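Take a look at the structure set out below.
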Amino acid sequence: VNEGYLYRVKSKGTFVSQPKVKTDLVNMYDGYNMELFNMSMTPSTQAIELTLVKANSEQARALEINEGDNVIYLLRHRYADGMAMGYVESYFRYPLCSFLLKEDEEAFNSTSVYQILAKNKSTKIKKIEAVGASEAEAKLLNIKKGSPVNMCTNICYSQESGVPVIYELLKYRGDKNKFSIEINID
């Protein structure tokens, strides 16, 4: 139980846990889908919303723009074998990423956002930052209120200009996912 291979339910017994999806935060470009494939699970993504919105103070600070400036908002749900595993809210710098609004919504279901950004020279990803976890979004994942939800924030920068290109909130079920980061000191 302490190592996560079993779990207990009071008055019902001890059960075998399903393995958690391990995501490498250093290699997030295709890490999540690859981990699911390696576990013989089928990953899928559903683009829910793609629209132009006004940046709030948090998004403006992350993207180094003014509050109220336009940003492109993309909401995607992530699944493993049809089970809701998490969701990703992405805020893209506008007009730098205006080409995303011309993408077919289906492209966001089948292609990594990082791959779509990489097609455009000014939006190749240079750096990703991560922060601590939050439990605030459990309802959206169809889990019991108060269940753990892992939250990471990413800020990705243009390789060409160094300005922030995308600010993301990634939220995944804590009972089905674990995140790791490997730091190599040369």
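The values are calculated or read from the model by the stated rules, or taken from the named source; none is laboratory data. Quick caveat, the model's predicted, so the values are computed rather than measured. As a convention, Cβ positions derive from the backbone with ideal geometry for all residues, glycine included, and neighbour counts pool all protein chains shown. The accessibility values were calculated without ligands, DNA or RNA, using every heavy atom of the protein model including side chains. Shrake-Rupley method; radii C 1.70, N 1.55, O 1.52, S 1.80 Å.
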| note | With every protein chain in place, the accessible area of TYR7 for a 1.4 Å probe, in Å² rounded to the nearest 10, comes to 100
| field | Sites GLU160 and THR14 - FRET efficiency at Förster radius 41 Å, r taken between beta-carbons, to 0.05 | value | 0.15
| query | Want the number for GLU103 to ASN142: 0.36 nm per residue separation, take away the alpha-carbon distance, what's left? | reply | 11.1 nm
| How do 34-41, 51-58 rank on mean C-beta neighbours within 10 Å, highest first? | 34-41, 51-58
| query | Which residues in the range 75-102 place their backbone N less than 13 Å from a point set 7 Å from the Cα of SER44 along the Cα-to-Cβ direction? | reply | 77-85
| Given a Förster distance of 30 angstrom, what is the FRET efficiency for ASN120 paired with MET83, based on the Cβ-Cβ distance and rounded to 0.05? | 0.35
| request: Using only protein heavy atoms and a 1.4 Å probe, report how much of ILE65 is accessible, in Å² to the nearest 10. | output: 30
